[in-house]
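Any read-out appearing in this document is the output of simple, stated calculations on the displayed coordinates, not a laboratory observation. Quick caveat: nothing in here was measured; it's all calculated off a predicted structure. With ideal geometry, Cβ positions are generated from the backbone for all residues, glycine too; neighbour counts draw on all protein chains shown.
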Amino acid sequence: MNCELCGLGDKRFCRADIEGSVMTVCSECAKNGKIISELNPEPKKSIATPADDELRLDFSKIIVEAMKEEKTSVEDLARITRNSPADIKKIINGKLIPTMELSKRLERALKINLFYT
Ligand SMILES: [Zn+2]
C-alpha cells in the first residue's frame, strides 16, 4: 500500500479528508487533513513454501506411477531399497512416510523426485 498523496509506503495508513477529498494516506500526510479512520497495515502474505528437503505430499502416487512405468513390483522395490515388502506396501498406501534415506533410495530406484525442489 502506498500513500495516495506522497506515494510512499508507510507502516500506518488512514483514510483522511484532505482538503475535501477522502484519500488513503500515510500517517504523515494525514496530519495535513482530518483523519476519518485508521487502517491497519497490510497483513503479510504467508504463503507456505515447503522446504527443499520436504517430502512431497503425493509421494505414494509418484511411487505407484513410477512402479508401473518401470514395471517394478513391491518385492523388487523392497529388494532394491533393502526394505521389507510390507513397509513398501505401507508407503505405497500412504500409511508410512519413508525416511529420508529410504526416500533417496526410492528416488534412485524409480528415477523419481519425491521432494519439493
Ligand atoms: Zn503520505
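Along the axis of the charge dipole computed for the chain (Cβ charges of +1 for Lys and Arg, -1 for Asp and Glu, origin at the Cα centre), the listed residues Phe59, Met1, Ala86 are led at the positive end by Ala86. The trypsin sites (Lys or Arg not before Pro) found in the range 57-108 that occupy coil by DSSP, while having at most 13 further C-beta atoms within 10 Å, are Lys71, Arg82, Lys95. Exposed loop sites are taken as GluC sites (Glu not before Pro) in a DSSP loop (any state but H, G, I, E or B) with at most 15 other beta carbon atoms within 10 Å; the longest stretch of the chain without one runs 55-117. Amide H contacts under 5 Å for Glu4: Thr24, Val25, Cys26, restricted to partners 5 or more places along the chain or on a different chain, H placed in the peptide plane at 1.01 Å from N. In order along the range 63-74, the Karplus-derived 3J(HN,Hα) couplings, from 6.51 cos²θ - 1.76 cosθ + 1.60 at θ = phi - 60°, round to 5, 4, 5, 5, 4, 5, 4, 8, 6, 9, 8, 4 Hz, and Gly and Pro are given as x. Full extension of the chain segment joining Tyr116 with Glu28 gains 27.3 nm, where the gain is 0.36 nm per residue of separation less the Cα-Cα distance.
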